[in-house]
Every structure is written in C-alpha cells, then in structure tokens.
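Here the structure is laid out as structure tokens; the discussion comes afterwards.
Values quoted throughout were computed directly from the atomic coordinates according to the rules given, and no laboratory measurement underlies them. On a predicted model such as this, the values are computed, not experimentally measured, just so you know. Ideal geometry is used to build each Cβ from the backbone, glycine not excepted, and the neighbour counts take in all protein chains shown.
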Amino acid sequence: MKKYLNKFMILFLTLGFIQTLPAQDNGLEDLLFSMTIKDLNALNTDQLDAIIENGDWLLLDGSLAALTLLSGKNEEYLLDAQLIQGEWKGLDEVLKYSCHLIFQGDGWINVVPDKTPRNPVEGQILLNSQVLVLAKLIGYELDGDKPVPYLLVSNIRRLL
C-alpha cells in the first residue's frame, strides 16, 4: 500500500507542477505540440504567416538530411539543415515531408558541424541523426505553389 501511495504522491506533485508552468514566463506558452513536419507542409501561406505572427514554438522530430554552411570565413556561423520525415503510401510509394532548420550563432559550430569530423565529439549532432528540435517558424519560400518552411532553432537533441 505504501508503494502505491508514493507513486500517487509523485504523480500528484508532477501534475501540480505542470499546471503551474503556463503561469510562469517561460516563453513557451505558445508551444504547438501536435504540429508535425507533414502538418507544416500542408499549411497555406496565410496559416504559416499566422504562426510567425503568433511567435509559436514548434517541437518537431525527424532526420537531418542536408547540411549547408551559409556563412563565410570570419562571419557568424549560419547553417541550413533540412529536417525530413517520411511515410508509406500503399506499398509502392514513400511520401517525404521537409522543412529547413537555421542554426545561427557561433555556439552551434561544435553542436551541429557542417561536415562530419574525423573524430566526432560526444554530443555532436551529425548528418542523418534522428533529432527533436525546438524552433520558431521565421519564414518560408515558395516551391511552385507549395511553401517550404524555415525555422530558427532554439534547441536540439539527438534521439537515441
């Protein structure tokens, strides 16, 4: 009985803590948990503009597919990475969903390097890593009539 009481108390305290989070100014009041890359790709430009204006945070998972260094020598680190997901459609087709992640600032150099180092350091996030990303939508470009979202990364974690 005591074991169940301890579990109940932990659950009760956790739920109480979670309820206090929106009252704190943690900057994540507008976190869209249910948004996926597929959902982002399905939005029209007006819906994307609304997310940008609201300053909503997105929590996305996927694979880092392409890394492109945008900054030159002696410039602040600026890396464009493609984040992708896919799903089967029937037995013969795979649908791909993607968005661009922008890593801005020299603090990202050793976290997400633009090239795979010979001796990777533990904690580095390399090409083809499965990741979880906290980011804000900052813009998009049109590829024909389909918007391609660009997100500024605040935090990233490799999924094991």
### Query
Taking the Cα atoms of the stretch 101-142, what is the range of coordinates along each of the three principal axes, in descending order and whole Å?
37, 22, 19
### Query
So how far apart, in nm, are the two label points at residue 38 and residue 53 if each is 7 Å from Cα heading toward Cβ?
2.9 nm
### Message
Taking loop as defined by DSSP and a crowding limit of 14 other beta carbons within 10 Å, which trypsin sites (Lys or Arg not before Pro) in the stretch 87-160 fit?
### Response
115, 118
### Summary
With Rg from the Cα atoms and Rh as the Kirkwood inverse mean 1/r over Cα pairs, the stretch 21-122 has an Rg/Rh of 1.03
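Give me the number: length gained by fully extending residue 95 to residue 130, i.e. 0.36 nm times residue separation minus the C-alpha to C-alpha distance, one decimal in nm.
Values: separation 35, 0.36 × 35 = 12.60 nm, distance 1.77 nm.
Roughly 10.8 nm would be gained on extension.
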